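The numbers here are math on the coordinates, done by the rules we state, and not lab data. Since this is a predicted model, take the numbers as computed values, not measurements. All Cβ positions, even for glycine, are placed from backbone atoms using ideal geometry, and neighbour counts span all protein chains on display.
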Amino acid sequence: MKKLGSYFFQGVLVVAPVAITIYVLYAVFTRVDGWLDDNLEPLIGFYVPGLGILIVFIVLTALGFIAQTALLRPIKTLANKLIKRIPVLNLLYSSLNDLFSAFVGNEKKFNVPVKVYFNKENRLYKLGFITKETLEEFDLKDLAAVYFPHSYNFSGELYLVPSDRVEKLSLSPAEVMKFIVSAGVTNIELPE
């Protein structure tokens, strides 16, 4: 019963960031689209479909641009200091922040696609991404940290595998990620 509760909360941690993001985007879009419908339609005499999505996209893109400028860095630093003082929030925030920046930030982590032997006698491989070449800080110099995304899901597993079982691929990280997440259904575009 204790494991069941643990699995439940682990599931919540996996689903929560995506669900919250989708909910917030939907709520913002609904509000903006409703406001445009109420205020813009009487002015111009007709409804413009998709204008709410366009405005939300432009505003989020502008916020992303502003967040990269020096203008918001002091505010981000202050917010990070405040969050670090709250134990549970700090754990969630720092983990999610590292995960999101690994995918889309300036410090992309999933840029070395690899295949790993899992069963030599049956020649079974698993595709993943090296996140750390060596684990010297754990006194495990002969191991590499390899992240294996799940198919049809926004989660994955991290394995520490012998370096001699890891073989780097000369493919685009984005193409390999797309291939894994689609469970091998999508076609990989080979570099020219």
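Worth pointing out:
- Listing Val48, Val114, Val146 from fewest to most neighbouring C-beta atoms within 10 Å gives Val48, Val114, Val146.
- Förster-model FRET efficiency, 22 Å R0, Ile22 and Leu43, C-beta, rounded to 0.05: 0.10
- HN-Hα J in Hz across the stretch 37-49 - Karplus 6.51, -1.76, 1.60, θ = phi - 60°, x for Gly and Pro: 4, 6, 9, 8, 4, x, 6, 9, x, 8, 8, 9, x
- Proximity of backbone amide H atoms, modeled 1.01 Å from N, is registered between Phe118 and Leu124, Tyr125, Lys126 at under 5 Å, excluding neighbours fewer than 5 places apart on the same chain.
- Sorted on the mean count of surrounding Cβ atoms within 10 Å across their residues, most packed first, peptides 155-162, 119-126 read 155-162, 119-126.
- Here Glu175, Glu167 are placed in order of increasing Cβ neighbour count within 10 Å, fewest first, which gives Glu167, Glu175.
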